[in-house]
1. Distance from the Cα centre of the range 8-40 to that of the range 116-136, in angstrom?
2. Evaluate the charge dipole of the chain about its Cα centre and quote only its size in Debye, nearest 20, assuming +1 on the Cβ of each Lys and Arg and -1 on the Cβ of each Asp and Glu.
3. Rank Trp36, Val143, Tyr81 by how far each Cα sits towards the positive end of the charge dipole of the range 28-169 (+1 on Lys, Arg Cβ; -1 on Asp, Glu Cβ) and give me just the farthest.
4. Loop by DSSP (not H, G, I, E, B), at most 11 other beta-carbon atoms within 10 Å: where is the longest site-free stretch of the chain for GluC sites (Glu not before Pro)?
5. If I stretch the segment between Glu164 and Ala188 completely, what's the gain in nm (0.36 nm per residue apart, minus their alpha carbon distance), one decimal?
6. With +1 on each Lys and Arg Cβ and -1 on each Asp and Glu Cβ, and nothing else charged, work out how big the dipole of the range 1-147 is about its Cα centre, in Debye to the nearest 20.
7. Pull up all non-local amide H partners of Ile76: gap of 5 or more, or a different chain, and H-to-H distance under 5 Å with H placed in the peptide plane.
8. Would you be so kind as to identify which of Gln66, Gly24, Thr49 lies farthest towards the positive end of the dipole of the range 3-90, taking Lys and Arg as +1 and Asp and Glu as -1 on Cβ and the Cα centre as origin?
Amino acid sequence: MSERGMAVLNQYEFEVIRIGRGRGALLVETDAGLKWMAESSKTEARIETLQQVLSALREQGFPAEQYVANREGNWISNDEYQHPHVVMDWFSGRECSSRDERDSLEAVAILAKLHLALQQIELQVEPVTDLKDLWERHNREMVKVRKYIKTRNGKNGFERNIMETVSEYLEQGKRTVELLTQSKAKPALQLCHGEYTYHNVLLEAGGFGVIGFSTLHTGYRSEDLYYFMRKVLEKNHWSLRLGAKMLEVYNRIFPMGQGDWNLLYLLFLYPEKYWKQLNYYYNTRKSWISDRNRDKIMLIEQQKEGRNSFLEFLHQRTEFV
């Protein structure tokens, strides 16, 4: 049993039964249930705000992670080296599988229920992301990378691939900004999870738990839905059937308005993953390109047809001509 871990855990009311490892931190079995302990860079004020939301979700019966206060009533507990830690109530379930259709559909249903619950909480948490500003900045960065590679002698295979494909994705980026500006129907602001992935949905027989609320913010629910669906669809070769079923499940529980459909389409239209690979390339050593980066660029191209088919399907739900 880690002395460093016990220096933190001894500051709480519960009694420790067993300590293990999980998700890069300590999983702690206690007489008050399963806990999770990890180092944290959050402030007391930020955790207090997060816990207000998490507590409100619990009062609505929604199973979300909860911060645990120590004996002094603080959310943060320091070890003997003054490293800050947090302790949270935890769930015993397994992670949702991105390759299991039933898991993915259940997680989308959970997301819709989460959004319904968050909609009832009147609390502003951080400003909403300015997508127009973000996408315009990313577009400028793609132009910068294209100019940079164009001037390089002896281009490697990765760079030649970029020169062959960047114009197409840059046009998608510009088109996304144009449509966002033209869009008449606007989505409503509400609290959003901020990082809703299959890693943050824990499933067990007859129940579930949602974790990973550290980036919770006031935003648009289409962002959460997009983030989850894109990750799952990428793992499933952009299956149009699966994408349509996920949207059907979500809308059966929490129907989307026209503004939500418009934004969801634009989020999928913007070539975020392609931009990420260019950004990573530009900000790292150019003399060596990892196989992983080459593979990711190749996969984007291999999945382009499936992605375009899904975009056409989504486009039918928008107000864009």
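Laboratory data are not the source of any read-out in this text; all were calculated from the coordinates shown. A quick note: this is a predicted structure, and the numbers were derived from the prediction, not measured. Because the Cβ atoms are built from the backbone with ideal geometry, glycine has one as well, and the counts that use them run over all protein chains shown.
1. That distance is 32 Å.
2. On the way: 44 positive and 44 negative charges, 363 e Å.
Once rounded to the nearest 20, the dipole reads 1740 debye.
3. Val143
4. On the way: sites that count: Glu13, Glu15, Glu72, Glu80, Glu122.
Answer from the scan: 123-321.
5. On the way: separation 24, 0.36 × 24 = 8.64 nm, distance 3.88 nm.
Extra length from Glu164 to Ala188 when fully extended: 4.8 nm.
6. Values: 19 positive and 25 negative charges, 170 e Å.
Taking the Cα centre of the range 1-147 as origin, the dipole is about 820 debye.
7. The answer is none.
8. It is Gly24.
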